[in-house]
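Let me begin by presenting the structure, written as structure tokens, before commenting on it.
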Amino acid sequence: MSSIREVCAKDYTAIEIEAWSKQNFRADLLAQSIERDFIWVAEDGRGHILGFGHFAVMSEEEGQVLGLYLISEALGKGLGKKMFSEFLRVAHDHKLKKISLHATKTGKSFYESLGLLQISSDTTVEMRGVPIPCFPMELELR
């Protein structure tokens, strides 16, 4: 949540940040994601969480990044690239043909630097009744 409130706040309105960062925590849904998908947690040497990545194999051909969030103190240290390389490893292990995601305004340039391309016009994802602008992106794999 601090990633949304601190890192993304420069690109989104206060109303958008409030709706996005007030998601209800559901242990049952988190447990299902952990069992079904691939989740990584980045920590510092003291056990403090710096961020997480969430990747799902959606079909025989496609994987989807469902989340990659870092706190502000962790930005620029290569953790996002490391997590994305883990997504790529899983995609290659599953012989996927592409990776897709909905990038935030904040993360779009990061994903572009990794070779992802915006595949359609800007869109929104609704959270608590508030449309949150994002960018559908893909990376074709060989």
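The values are calculated or read from the model by the stated rules, or taken from the named source; none is laboratory data. Bear in mind the structure is a predicted one, so any value in this text is a computation, not a measurement. Glycine gets a Cβ as well: all are built from the backbone with ideal geometry, and neighbour counts include every protein chain shown.
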Search result, residues across segment 34-57 that are loosely packed, with under 15 Cβ neighbours inside 10 Å and under 22 Å from residue 90 (Cα atoms): 34, 35, 36, 41, 43
Residue in segment 78-93 that is within 29 Å of residue 15 (Cα to Cα), crowded, with 17+ Cβ neighbours inside 10 Å and touching a Lys or Arg at 6+ places or on another chain (Cβ under 8 Å) present: no
Options 39, 34; residue that is under 23 Å from residue 84 (Cα atoms), hydrophobic (A, V, I, L, M, F, W, C) and modelled with pLDDT under 90: 34
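Please go through segment 11-33 and pick out each residue that is aromatic (Phe, Trp, Tyr) and either more than 18 Å from the chain's Cα centre (by Cα) or surrounded by 15 or more Cβ atoms within 10 Å (Cβ to Cβ) (or both).
Quick first cut of segment 11-33, residues aromatic (Phe, Trp, Tyr) only: 12, 20, 25.
Hits for segment 11-33 are 12, 20.
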Candidate set: segment 40-57, residues that are free of Cβ contacts under 8 Å to residues at least 24 places away in the same chain and among the aliphatic types (A, V, I, L, M); chosen: the one nearest to residue 100 (Cα to Cα): 56
Count - residues of segment 115-140 that are closer than 26 Å to residue 61 by Cβ and touching a helix residue (DSSP H, G or I) at 6+ places or on another chain (Cβ under 6 Å): 2
Residue match in segment 74-83 (condition: in contact (Cβ under 8 Å) with a residue 60 or more places away in the chain, part of a helix (DSSP H, G or I), in contact with a Phe, Trp or Tyr (Cβ under 8 Å, 6 or more places away or on another chain) and not acidic (Asp, Glu)): no
One residue from 96, 139 being closer than 20 Å to residue 54 by Cβ, part of a strand (DSSP E or B) and at pLDDT 95 or above: 139
